[in-house]
Amino acid sequence: MAARRLAVAVVQGGPSSEAEVSRASAAAVAKALCDAGHSVVRFELDAFLAESLRTGGFDVVFPVVHGAVGEDGSLQGLLEVLEQPYVGSGVVASALAMHKRIARVLFAQEGLPVARGVALGRVELRGDARAAARQVRETLGSRVVVKPSSHGSAIGVARLEAAASEVDVAAAIEAVWAIDEFALAEHFARGREITCGVLDLRETRALPVTEIAAPADAFYTFDARYAPGRSVHQCPADLPPDTAARVQDVAIRAHRALGCRDLSRVDFVVGDEDAPGALTLLEVNTLPGMTATSLYPEAAAVSGTSMVHLCDGLVLHAHARGPSSRVDARPLPR
């Protein structure tokens, strides 16, 4: 199938709470690339990776990593130093998307529909979770979501209903501070969980919108995401055509607002208690999951792009783009 057989390094794992998810995604990507006719080697994101890539003679790298070091621009920076073509967003876009407290500022500047929220720095607040909880209540009211600024897969996320006490809010903030320097508190929009992939190769297009239901869980938790049968995905989502079109439009605009490239998945909530048509943009994932239960390849398949064609197209596009251009050093004036 491949127009050219490429030597592809698939990078997985790393020092992240999402490492096992990454390895499952990497296995699926490696199989798809092999089925497309490419030569594939999987590597762990560890201290030996740089030398393996430097000496391995690979045509392109496919990072299939989630969370710290792999998805936050760190790995991308290493690949830039090695002048290695790679799939996915560059250093800056990866870092911006990973840090939700920064991304939401950029989204708001672009007029995108983000929830009311406040970032709570552990150092700035001297670790006083009760003071942080009071700030949350005063700023956002009674119904809130507390989550880490720089983690994914719903790790550390707490949904707090109006009946939750200030002590409950403080406990959620403390739990986030245990894994992240910043907790992000936002208005809890009680609506439908929606996601939309963006495929950005020769042209930028939004994939069909997916609705996610997790009947056995309070919301789309880590277990609901990755345990087979724990969640139900409806793609295309049963939304009014104008709402689905708006989700797709905002997904592309969010992708572009952060400077993403190649692929991303954008998460939303559609509706709220008093506003059934409200749209809330949650976050952009620059390296979405690629496991057997993952949303991105599922939506691509609904659009007519199989996992094999998807991964093949991504590596061919990254290889054609090549490494980032460099400016030659200028001599010092005499």
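Annotation note: chymotrypsin sites (Phe, Trp or Tyr not before Pro) in segment 34-133 located in DSSP loop regions with a Cβ neighbour count of at most 15 within 10 Å are Phe48. Database remark: amide H of Leu279 closer than 5 angstrom to the amide H of Gly271 (H placed geometrically; neighbours at sequence offset of 5 or more, or on other chains; Pro and chain starts carry no H).
Normalised per residue, the accessible area of segment 243-285 is 36 Å², obtained with a 1.4 Å probe and no contribution from ligands, DNA or RNA. Separation of segment 132-182 and segment 4-33, taken as the distance between their Cα centroids, equals 32 angstrom.
Annotation for segment 147-213: trypsin sites (Lys or Arg not before Pro) lying in DSSP loop with at most 11 further Cβ atoms inside 10 Å of their Cβ are Arg202.
Taking a ≥ b ≥ c as the square roots of the Cα gyration tensor eigenvalues, with a/c under 1.5 meaning rounded and otherwise prolate when a/b beats b/c, else oblate, which class fits segment 62-177? Here segment 62-177 falls in the prolate category. The residues packed around Ala50, meaning those with a beta-carbon under 15 Å from its beta-carbon, carry a net charge of -4 if Lys and Arg are +1 and Asp and Glu are -1. Among rounded, prolate and oblate, which fits the chain when a ≥ b ≥ c are the square roots of the eigenvalues of its C-alpha gyration tensor, a/c under 1.5 means rounded, and a/b larger than b/c means prolate? It comes out prolate by the Cα gyration axes. Note on segment 281-327: Kirkwood radius taken over Cα pairs, Stokes-Einstein applied at 10 °C and 1.306 mPa s, translational D equal to 127 µm² s⁻¹.
When the surface is traced with a 1.4 Å probe over the full set of protein chains, Glu174 keeps roughly 110 Å² accessible. A simple charge model with +1 on the Cβ of Lys and Arg, -1 on the Cβ of Asp and Glu and nothing else charged puts the dipole of the chain at about 720 debye relative to its Cα centre. Carbon-plus-sulfur accessible fraction, the chain (probe radius 1.4 Å, protein heavy atoms only): 53%.
The values are calculated or read from the model by the stated rules, or taken from the named source; none is laboratory data. For clarity, every value in this text was computed on a predicted model and none was experimentally measured. Cβ sites come from the backbone with ideal geometry, for glycine too, and all protein chains shown count toward neighbours. In case anyone asks, the SASA skips ligands and DNA or RNA and just uses the protein heavy atoms, side chains included. Shrake-Rupley method; radii C 1.70, N 1.55, O 1.52, S 1.80 Å.
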